[in-house]
Amino acid sequence: MRILLFLLSLPLLLSSQPTLQQKIAQMVMVGFTGTAIPDSIKVDIQQRSLGGIILFANNIAEPNQIRELASQLSVLSSSKLLLAVDQEGGKVARLGAANGYSSTPTAFHLGSHLNREDSTRVSAALMAGWLNQAGFNINFAPVADVNVNPLSPAIGKSERSYSANPDTVSQHISWFIDEFHKKKIITTLKHFPGHGSATADSHLGFTDVTNTWTAKELEPFRTTIKSGSTDVIMAGHLFNAKIDSQYPASLSYKTITELLRDSLHFDGVVISDELFMKAIAANFLFDDALELCVKSGTDILLFSKSVYNNQSLTAYVVDVITSKVQTGKIPLAMIDSAYGRIQRLKQRILTTTTIASSLEPNSPLLDQNYPNPFNPVTTIKFVLQYSNHTSLKIYDVLGREVATAVEGKLNSGIHSYQFSGVNLASGVYIYRIVSGNFAHTKKMVLQK
């Protein structure tokens, strides 16, 4: 019995008295390829205390699959696992029409063509709902870059910035953040200190904004930090000699600590942009980049893969940083500060439950269809408290019945049905369940 109690308390012991290696592992976020969890990732999470996972489009096949994958990842960790995705809307949206969701407008369309609060909120709320139901707890969005150069290959050309006006950018990102906070999703401002004027793409190589960047690009960051709504800020791989004549922002103490933390008074989590991007990988030795990134004041080191030199990337990063702490190259206080900020962030994240875990068969419930809007197939889930004759019917907005999804006796418990609107026109539809004394109605949108 004593052994059993000790084993049950082990996660708590580890979280309350973390080792140096566990603190450093919490500072690492990695990605992987495919829709199944590699064994190496399981080891990284369970044995090395890996702090976070980022998922990309190749990890996401359809809504049910990503909910299951997210659930599997979360239960592997004895502490809260950061589960991240890039869901800006428009061209940078990992959940989209190709994997069972729907297309979303670009930031530029929302901020510069429409420039309406309701439009931005509707788009953000839709995506926030997707992330919440899928099991994500952090979104690497919104883009706070000012659209200084509409032809900027990484930002303007892809319509990722809301506007050339910093005030307009600040307004739209505040609405975006608010809608995600309603769904308990942490958001990330990017790319500090401003990528909108760049003439090069940091994915592809060295990106120097010295002669194009102006201080107005700081304004959306400054305004949102002052509002108190900023959760996380992502540092760009941007060289700006006006701020630091030696290092790009993601590796720069002058940018992260002196400008962002000391001058703009941001005490939240800072995450690097992906560290295998060529702006870093082609110009710095990997071990040197790790040291500089940590010493800059950055808390989380982001990587698109989980293997390096045929071994666990997490293990490698932890070993390198541990060695540099032990030899005095990285102050232990910087590790402790980063770990503390990460744990405070994780404490703020309320558990985001999937439909499958949130539906309990002790009370009747009709859940919102998913995805919504849909084209042409959506899933409708409901819970029955008792076995009963049950009907689930679809109506148009005029109250005319257009389809019957379910008709017959069903047992108590959770039920799931796929509905296809392939033969229906785009528009708003109503679905209604009747089972014994239980009746409930919800709306859904078919968007072809």
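The values are calculated or read from the model by the stated rules, or taken from the named source; none is laboratory data. Since we're looking at a predicted model, the values are computed, not measured. Quick reminder, even Gly has a Cβ in these numbers, built from the backbone with ideal geometry, and neighbours come from all protein chains shown.
Just wondering, is there one or more residues in segment 260-276 that are touching a residue at least 24 places away in the same chain (Cβ under 8 Å), over 21 Å from THR230 (Cβ atoms) and under 25 Å from the mean Cα position of the chain (by Cα)?
Scanning segment 260-276 turns up at least one residue that is touching a residue at least 24 places away in the same chain (Cβ under 8 Å), over 21 Å from THR230 (Cβ atoms) and under 25 Å from the mean Cα position of the chain (by Cα).
In segment 57-101, how many residues are assigned to a helix (DSSP H, G or I) and charged (D, E, K, R)?
Number satisfying all stated conditions: 2.
Looking at HIS172, HIS191, can you tell me which residue is closer than 22 Å to SER272 by Cα and not acidic (Asp, Glu)?
HIS191
Here is a list: THR223, THR214, THR168. Which entry is polar (S, T, N, Q), surrounded by fewer than 24 Cβ atoms within 10 Å (Cβ to Cβ), at pLDDT 95 or above and over 24 Å from the mean Cα position of the chain (by Cα)?
The unique qualifying residue is THR214.
With the checklist (1) surrounded by fewer than 23 Cβ atoms within 10 Å (Cβ to Cβ); (2) touching a Leu at 6+ places or on another chain (Cβ under 6 Å); (3) under 17 Å from THR298 (Cα atoms) in hand, flag the one item ARG261 doesn't pass.
ARG261 satisfies all of (1) surrounded by fewer than 23 Cβ atoms within 10 Å (Cβ to Cβ); (2) touching a Leu at 6+ places or on another chain (Cβ under 6 Å); (3) under 17 Å from THR298 (Cα atoms) except (2).
So how many residues does segment 56-65 have that are under 13 Å from the mean Cα position of the chain (by Cα) and under 26 Å from SER416 (Cα atoms)?
Adding up the residues that qualify gives 1.
Which of (1) of a type in the set (Gly, Ala, Ser); (2) in contact (Cβ under 8 Å) with a residue 40 or more places away in the chain; (3) in contact with a Ser or Thr (Cβ under 7 Å, 6 or more places away or on another chain); (4) under 30 Å from GLN447 (Cβ atoms) does ALA84 not meet, given it meets every other one?
Going through the list (1) of a type in the set (Gly, Ala, Ser); (2) in contact (Cβ under 8 Å) with a residue 40 or more places away in the chain; (3) in contact with a Ser or Thr (Cβ under 7 Å, 6 or more places away or on another chain); (4) under 30 Å from GLN447 (Cβ atoms), ALA84 breaks only (3).
In segment 399-416, which residue that is touching a Lys or Arg at 6+ places or on another chain (Cβ under 8 Å) and either modelled with pLDDT under 90 or in a loop (DSSP other than H, G, I, E, B) (or both) is nearest to GLY100 (Cα to Cα)?
This residue is SER416.
If VAL422 passes every condition in (1) modelled with pLDDT of 85 or more; (2) assigned to a strand (DSSP E or B) but one, which one does it miss?
Every condition holds for VAL422 apart from (2).
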